[in-house]
Amino acid sequence: MTVANHEELREVYRPPAPRAGQKVLDHLDVHCRNFIALSPLCVLSTSNARGQPDASPRGDPPGFVQVLDEKTLLLPDRPGNNQVDSLQNIVANPGVGLLFFVPGMNETLRVKGRGEIVTDSELLAPLAIGRRAPVSGLRVTVEGAFLHCGRALIRSSLWDPGARIDRSSYPTYGQVLADQIAGADASQIDAEEDEANRRRLY
């Protein structure tokens, strides 16, 4: 059976507990702000004009996402491959979702809102690392925020050191790309990535 509408979906799932809806805020309270200040990693969800979704990890030292006020966040856009998938999506469709992680915590913070790309140097200056400010930032007007329970991360054992894989059990970045891109050289890609990771993070 394929679920085709809300009524059929509710036949599969019992009604949610009242607090599931009650906990959703339309702003960032003190607990949301504290969570964001502790977070070194979030996942940014966007979609293009056709509704095709994408998700991109964003990471920096804890607190890298600035809370400008209870309704506004600012995320730096650090150097990457200049594909700018997420930013292109936001230009076409400003709806965004954010999922914040804090190492050692099983709960996550979910935020949704409307995004816009900003390039104001004064606004971006506080986001600089090593005196290198990002060329753009993502300003998010918050429409909803809530703390998500820890069951997914508990099930995954994400923070359990014993759950870490032996890195040799999966190919390197260069090896994967060499299998996917005709003529690509795995050793060269790995060397270039190592150099970029050491010298061009910011």
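Taking region 36-86 only, how many residues are among the aliphatic types (A, V, I, L, M), closer than 21 Å to Val135 by Cα and out of contact with any helix residue (DSSP H, G or I) (no Cβ under 8 Å at 6 or more places or on another chain)?
Taking region 36-86 and keeping what is among the aliphatic types (A, V, I, L, M), we get 36-38, 41, 43-44, 49, 55, 65, 67-68, 73-75, 84.
In the following step, the residues that additionally are closer than 21 Å to Val135 by Cα were identified as 41, 43-44, 55, 65, 67-68, 73-75, 84.
Checking which are out of contact with any helix residue (DSSP H, G or I) (no Cβ under 8 Å at 6 or more places or on another chain) leaves us with 41, 43, 55, 68, 75, 84.
Going through region 36-86 one residue at a time, the tally reaches 6.
Gly162 passes every criterion in (1) of a type in the set (Gly, Ala, Ser); (2) part of a helix (DSSP H, G or I); (3) surrounded by 12 or more Cβ atoms within 10 Å (Cβ to Cβ) apart from (3).
When you check Tyr202 against the structure, is it aromatic (Phe, Trp, Tyr) and over 23 Å from Asp60 (Cα atoms), yes or no? Spelling it out, it is not the case that Tyr202 is aromatic (Phe, Trp, Tyr) and over 23 Å from Asp60 (Cα atoms). Looking only at residues of region 36-59 that are farther than 16 Å from Gly97 by Cα and not aliphatic (A, V, I, L, M), we find that the one that is most open to solvent (accessible area, probe 1.4 Å) is Arg50. If you go through region 106-138 and keep only what is open to solvent by less than 70 Å² (accessible area, probe 1.4 Å) and in contact with a Pro (Cβ under 7 Å, 6 or more places away or on another chain), you end up with Gly115, Leu124, Leu127, Pro134, Gly137. Taking the criterion of being of a type outside the set (D, E, K, R), open to solvent by 70 Å² or more (accessible area, probe 1.4 Å) and either touching a residue at least 40 places away in the same chain (Cβ under 8 Å) or within 19 Å of Ala145 (Cβ to Cβ) (or both), the residues of region 2-30 that qualify are Pro16, Pro18, Gln22, Val30. Restricting attention to region 166-179, which residues are within 19 Å of Asp194 (Cβ to Cβ) and either open to solvent by less than 100 Å² (accessible area, probe 1.4 Å) or of a type in the set (S, T, N, Q) (or both)? Residues satisfying the conditions are Ser168, Pro171, Thr172, Gly174, Gln175, Val176, Leu177, Ala178. Does region 109-119 include one or more residues that are in a helix (DSSP H, G or I) and under 22 Å from Phe35 (Cα atoms)? No, every residue in region 109-119 fails to be in a helix (DSSP H, G or I) and under 22 Å from Phe35 (Cα atoms).
Within the set Pro103, Pro62, Pro79, the sole residue that is open to solvent by 50 Å² or more (accessible area, probe 1.4 Å) and modelled with pLDDT under 95 turns out to be Pro79.
Annotation note: Cβ proximity below 7 Å between a residue of region 85-99 that is closer than 19 Å to Ala145 by Cα and a residue that is part of a helix (DSSP H, G or I) (sequence gap 6+ or interchain) occurs for Val96/Ile90.
The values are calculated or read from the model by the stated rules, or taken from the named source; none is laboratory data. Fair warning: this is a prediction, and the values are worked out from it, not measured in the lab. Cβ atoms come from the backbone with ideal geometry, glycine included; neighbour counts cover every protein chain shown. Protein only, heavy atoms only, side chains kept; ligands, DNA and RNA dropped before computing areas. Shrake-Rupley method; radii C 1.70, N 1.55, O 1.52, S 1.80 Å.
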